[in-house]
Amino acid sequence: MPPGPPPAPPDALRAVAAGLLNLTGLGLGYALLRRWAAAAACWAATAVLLFVALPADADGVPASALAVYALFLVLAAVHGAFAGLRTRLTWPGRAPLALLLGVLLLAVPVGGGLWYDDAREEAVQQALLDRLRHADELVTAAGRQPFTASRADYRTALGVYRDLAVHHPGSRAAGKVPDRMRTYYATVGAAYGRHAYCEAIEPLTYLRTVPRTMPAGQLGPLSRWPDGRLAESLYACGSTALAGGGADWVTHFGDLLDTFPGSAPAAKVVPAVESAVGKAEKAVDGGSPCAAVERLRGLDTEIGRLAGSAGQSADGLTKAAARAGRSGDAGGYACGVDQYRDGDFDSAQKTMEQFVADTGGGARRDRAKKIAIAAEVAQTIPAAGKKLPTTASGGSISVTVKNDSPDEVTVLYTGPVTGSFTLKACGRCTSYSLVSTLVRGFKPCDDSGRNYPQRTLSLPAGTTYFVHKPHGGSTATPASDTAKLRPGYIYTECAYTTQTFGSGT
């Protein structure tokens, strides 16, 4: 085998040219030195890098891969320079020309890097646009569901919009965020547009929290967009509940007066409450007076609760509450009359007694006392409740009521006239045994030697119903008697007790 060519004289320019040609990543320095294995290694390294880097994506090439490849190129350049120091190039023959070629070919990796940066930037832009598109899809899908079911999706989409605006402000996706926020607000607050005011309260309240997280420049007028709509929704929902007898109106009106005290809807709260009181007052004279009275008393409580935190509206609400309370008390009379006519004598008695306690005087108060007495009598003698008692008094027929019992007795009577009085206990009287009351000839109040507690009434002709109610520790039940009074007669009514029950004759 012939000996190889002798080493060439050292040439620094040739060494630099070989190093630069290897630094291009194309292995040309080795190729021109006829070191094909080393050239193949350069080609393989560049191929691996291209495989990892292409196609360009938003994440780019891993830093570790770039560092390894750069180190490899530096080593290849150094090694190629040492090899080219004493080895002639196959082409071009002159070292300066090879050096110029190496400098020119450095534009290949530099240009490739710039192209790759542009491609990667476009990939980043597309990735950000994809994130924006996904957030838009979330908002659109959430708009088809109730707000409570889609709140999490709205928050996720808002997080994407905020990230794009804050961390990628120069991106094409960030440039679209203001427009997307307008769509976002319109979608979240869509219930208001449908006039579903109660449904709109929660999403509109949520929208008022958005400016806490989004940059002000991304929202502009949107930051105040929910305010007027929420105020109107609170009023509309509250007034609907107020008119329908619901309880949520206090909460809605309270939130309105607390959050938007100077708004036009807030100014309508007191008139709305006064209107509700007036409507309930009119209903007292309608077909369900008891329900109207209950409504007025409920309004008294609810309006008072609202007035406690109503700010500048407190005075008007306090007056409305007082009016509802007074009207509720006054309406007790109509309620009691309605209960009496319906035959609910127990309720009528309680209602009229409460009315008497709540009012200071007047003709209605006097009649209410009579109706309460008649209702109590009718609980024992239902026939006594066929007619409402009047305030009439007196008559021409004398009726003496005596107490032949050891207990104090209240005598209630109703008919053409109605009233009540109490007879003291008979000091020497005792309760009769049940057997004695069944014996023929039994005559209570017939002992001429006793001074029976008594009272004489002057009653008109007609049927009068009596009930005797013993007091004290007696276990006797109320006794009753029905007396048909006729002119020209004198009547005696006797109250007595047995060991198990009482009766009157």
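Looking at this structure, is Ala324 among the aliphatic types (A, V, I, L, M) and out of contact with any Asp or Glu (no Cβ under 6 Å at 6 or more places or on another chain)? Criteria not met by Ala324. Take Val356 and decide whether it is open to solvent by less than 50 Å² (accessible area, probe 1.4 Å), of a type in the set (A, V, I, L, M) and closer than 29 Å to Gly488 by Cα. Criteria not met by Val356. Selection within the stretch 392-411: residues that are of a type outside the set (Asp, Glu), open to solvent by 10 Å² or more (accessible area, probe 1.4 Å) and more than 16 Å from Ser458 (Cβ to Cβ). The member of this set that is farthest from the chain's Cα centre (by Cα) is Lys402. Reported count of residues in the stretch 478-505, each being open to solvent by less than 70 Å² (accessible area, probe 1.4 Å) and either at pLDDT below 75 or in contact with a helix residue (DSSP H, G or I) (Cβ under 8 Å, 6 or more places away or on another chain) (or both), is 7. None of Thr437, Thr351, Thr430, Thr380 is buried (at least 23 other Cβ atoms within 10 Å of the Cβ) and either at pLDDT 90 or above or of a type in the set (S, T, N, Q) (or both) except Thr351. Taking the condition open to solvent by less than 40 Å² (accessible area, probe 1.4 Å), under 14 Å from Ala334 (Cβ atoms) and either out of contact with any Phe, Trp or Tyr (no Cβ under 8 Å at 6 or more places or on another chain) or at pLDDT 95 or above (or both), does Val284 pass? Yes, satisfied.
On the basis of being hydrophobic (A, V, I, L, M, F, W, C) and open to solvent by less than 40 Å² (accessible area, probe 1.4 Å), does Ala363 make the cut? The answer is no for Ala363. Among residues of the stretch 219-237 that are farther than 12 Å from Thr209 by Cα, those with a Cβ under 7 angstrom from a residue that is of a type in the set (Val, Ile, Thr) and open to solvent by 40 Å² or more (accessible area, probe 1.4 Å), sequence gap 6+ or separate chain, pair up as Leu230/Thr205.
Between Ala149, Ala173, Ala191, the distinction of being among the small types (Gly, Ala, Ser) and modelled with pLDDT of 95 or more belongs to Ala191 only.
The residue that is nearest to the chain's Cα centre (by Cα), counting only those in the stretch 304-319 that are in contact (Cβ under 8 Å) with a residue 40 or more places away in the chain and open to solvent by less than 40 Å² (accessible area, probe 1.4 Å), is Leu306. Before we move on, is Arg297 under 22 Å from Ala357 (Cα atoms) and either among the polar types (S, T, N, Q) or open to solvent by 20 Å² or more (accessible area, probe 1.4 Å) (or both)? Judged against the criteria, Arg297 is a match. Only one of the listed residues (Arg455, Arg367, Arg450) is part of a helix (DSSP H, G or I) and out of contact with any helix residue (DSSP H, G or I) (no Cβ under 7 Å at 6 or more places or on another chain). That residue is Arg367.
The values are calculated or read from the model by the stated rules, or taken from the named source; none is laboratory data. On a predicted model such as this, the values are computed, not experimentally measured, just so you know. Neighbour counts are summed over all protein chains in view; Cβ atoms, including those assigned to glycine, are modelled from backbone coordinates with ideal geometry. Accessible surface is based on the protein model in full, side chains and every heavy atom, while ligands, DNA and RNA are left aside. Shrake-Rupley method; radii C 1.70, N 1.55, O 1.52, S 1.80 Å.
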